[in-house]
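First up is the structure itself, then whatever we jot down about it.
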Amino acid sequence: RPMMKVAIVVVLAASANAFSPAALGHTSLTKGLSHVSSNRQPVKASFVPMPSPSLRAGTEMDMFGWLKDAFINQEFADPPAEGVKAIARHILVKNLEDITEIKAKIDSGAMTMEDAASQYSTCPSKAQAGSLGSFKPGMMVAEFDQAVFGNDEAGVRNPVGVILGPVETKFGYHLIRIESRNMASKAVNGAFTEEKM
């Protein structure tokens, strides 16, 4: 928790200066004070410390990167294993008849999964031929997660590289192809096995 207190103090100090009248360009608020002195001589405006543009950008990396760098230990700086994750492609449509027809075209070889996703999917991922990129359990709806990461009643996971579905979710009907998947190893504690197409 001491790190949190330092971060809060830095943020408060930076934001106090960033929002001062002079920093915001409200010189009319400070002009009236420039003549105040014991002998009524005009006083030059004093220096108001301003945070650097990167601090005003408000990003955590810009504001606290120096703090992170101060405590970095290069020997142990490599990130830990990513853990359970998958890369998948899908096609999403509103009704069962359409998804069944699309699957038949793919299964017969008349279309590839990528072409079908680009042509028929209602998901924005159609611009990437249905690619969802990398995701972890809990990032997708439960039915989608079950198809990608879950086991069936016999304890077997859906295979990588096979078109799964139709899978019904609240968004409609999906065809899913898992392209790679990292899962916890059953043989080595703390290790992960990677399956690829």
Run down 110, 129 and say which single residue is open to solvent by less than 70 Å² (accessible area, probe 1.4 Å), modelled with pLDDT of 95 or more and either farther than 23 Å from residue 85 by Cβ or touching a strand residue (DSSP E or B) at 6+ places or on another chain (Cβ under 8 Å) (or both). 129
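For the range 133-146, give me each residue that is assigned to a helix (DSSP H, G or I) and either open to solvent by 60 Å² or more (accessible area, probe 1.4 Å) or in contact with a Lys or Arg (Cβ under 8 Å, 6 or more places away or on another chain) (or both).
Matches in the range 133-146: 142, 143, 146.
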Subset of the range 164-181 that is buried (at least 18 other Cβ atoms within 10 Å of the Cβ), touching a Phe, Trp or Tyr at 6+ places or on another chain (Cβ under 8 Å) and of a type in the set (Val, Ile, Thr) - its residue that is farthest from residue 149 (Cα to Cα): 167
Single unsatisfied condition, residue 155 versus (1) of a type in the set (Gly, Ala, Ser); (2) under 24 Å from the mean Cα position of the chain (by Cα); (3) not in a strand (DSSP E or B): (2)
Is there a residue in the range 125-132 that is without any contact (Cβ under 8 Å) to a residue 60 or more places away in the chain and part of a strand (DSSP E or B)? yes
Selection within the range 159-189 - within 14 Å of residue 122 (Cα to Cα) and out of contact with any strand residue (DSSP E or B) (no Cβ under 9 Å at 6 or more places or on another chain): 170
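The values are calculated or read from the model by the stated rules, or taken from the named source; none is laboratory data. Everything numeric here is computed off the predicted structure, so don't read it as measured data. Positions of Cβ are generated from backbone atoms using ideal geometry, with glycine treated the same way; all protein chains shown enter the neighbour counts. Calculation scope for accessible area: heavy atoms of the full protein, side chains included, ligands and nucleic acids excluded. Shrake-Rupley method; radii C 1.70, N 1.55, O 1.52, S 1.80 Å.
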